[in-house]
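Where a number appears in this text, it was derived from the coordinates with a stated rule and is not lab data. Remember, predicted model here, so these are calculated numbers, not experimental data. Please note: Cβ atoms are built from the backbone with ideal geometry, for glycine as well, and neighbour counts cover all protein chains shown.
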Amino acid sequence: MLTDYFRAVDAASVVRVLQGADDRPLVGGGSPHFDGVEAKRLDPDLVLGELIAAIRQVPWEAGLVEESPVWPTTPEPGPGGPQAEDDPWATGPWVVELAASVRDTLAEVSDADVPTVVARWVQTEELRPASVEDMQPLAEELIRLARRARSAGEKLYCWICL
């Protein structure tokens, strides 16, 4: 799974970029569309959820990271899942908007608290055998991104591709 986290004014601006035929990356090298962080395998519900749990000092639980779908723009499939192989809900990519509470939780972590938070985060099963040294730079990037988003009155989004 590939994931990128980025900030944008609103979901409509994200959809406009995704509908365009532009070859520019969403985040990262070149001339990206959005200010963001490349974060391979950091899915919003589980692994980012574990980081949010570590910051808030609460146990992880499903739904801790509230998110709402932005892309694809077609209606979500029903309980039976996508009915066709080429359904965008089956093939991706997908983009979700993260709740403002997630952005604010990340943004409020003080620089001095980052090592302690990351030490709690790397204890989770999903990150083993990662170390604080492995994960601290990524946590710092996500925290800085959240701070920039909050300062600009923007939201955080996650692009996901299998």
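Where only DSSP H runs of four or more residues are counted, the chain gives -11000 deg cm²/dmol as its mean residue ellipticity at 222 nm, each run worth -39500 (n - 2.57). Normalised by 2.2 N^0.38 Å, where N is the number of residues, the C-alpha radius of gyration of the chain stands at 1.05. Given a cut-off of 19 Å, what percent of all Cα-Cα pairs of segment 97-146 lie beyond it? Summing the P(r) of segment 97-146 above 19 Å gives 27 percent of all pairs. Among the GluC sites (Glu not before Pro) in segment 91-162, those placed in a DSSP loop whose Cβ has at most 15 other Cβ atoms within 10 Å are Glu108. Close amide-amide hydrogen proximity is noted between Glu66 and Ala99, each under 5 Å apart and 5 or more residues distant or on a separate chain (H modeled in the peptide plane; Pro and chain starts excluded). Reducing segment 125-162 and segment 3-36 to their Cα centroids gives an inter-centroid distance of 16 Å.
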